[in-house]
């Protein structure tokens, strides 16, 4: 098979445009996942048995079901109960919901890095539960969780490729459209792979920068 450089190069502009869609979806899903993960972490810390049982059941479902199935549920099943979502919205909802439970596990691990004495000292100073969580616990959890959160974001970037199955014009769907016309799947997929790698490398570098800044601020 001969490598067609012109097919590779000509695919890049369209893939870059689609890359903005994939990146926007991944960023939105990541923000929602962090918010959801924080909420799940706090709710689990309450140790209220009925609520813990519900969260545990949902966690088992999320961890046991492929993400593609969740995407199909959001796009094809939710309209049956009156929630007609645009493909992009359904995709963000599915990815963010799944990721929130993984982020919650990341934060749960971060909690173990906080000495119990800090919480006891904060309580002794008269801080309420909300203040302890907001001023003492969560800032430190977020700080130690930065590397794992960056890794989760790279996973979300790759997960956006699944949204091509519900007609989202992301990098993967654009790739399929291009090689359906130029009949050069290898060159087109290679260009798409290069784009995914580039985005994730930039995310890793940005995460490392944030980690260094946070570490300096904590000194």
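The values are calculated or read from the model by the stated rules, or taken from the named source; none is laboratory data. This one's a predicted model, so the numbers in the text were calculated from it and none came from an experiment. When we count neighbours, we look across all protein chains shown, and the Cβ atoms used for this are built from the backbone with ideal geometry, even at glycine.
Values computed for the structure shown
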quantity	calculated
Selection within the range 55-72 - under 18 Å from the mean Cα position of the chain (by Cα) and either farther than 29 Å from residue 110 by Cα or surrounded by 15 or more Cβ atoms within 10 Å (Cβ to Cβ) (or both)	59, 62, 67, 69, 70, 71, 72
Scope the range 77-95; condition farther than 19 Å from residue 170 by Cα and either in contact (Cβ under 8 Å) with a residue 24 or more places away in the chain or part of a helix (DSSP H, G or I) (or both); matching residues	77, 78, 79, 80, 81
Yes/no for residue 95 being within 30 Å of residue 130 (Cα to Cα), in contact with a helix residue (DSSP H, G or I) (Cβ under 7 Å, 6 or more places away or on another chain) and at pLDDT 95 or above	yes
Every residue from the range 180-198 that is in a helix (DSSP H, G or I) and either without any contact (Cβ under 8 Å) to a residue 24 or more places away in the chain or closer than 30 Å to residue 133 by Cβ (or both)	180, 181, 185, 189, 193, 194, 197, 198
Whichever residue in the range 43-54 is part of a helix (DSSP H, G or I) and surrounded by fewer than 16 Cβ atoms within 10 Å (Cβ to Cβ) and, among such residues, is modelled with the lowest pLDDT	45
Residues being farther than 22 Å from residue 87 by Cα and either touching a residue at least 40 places away in the same chain (Cβ under 8 Å) or touching a helix residue (DSSP H, G or I) at 6+ places or on another chain (Cβ under 9 Å) (or both) - total across the range 1-33	11
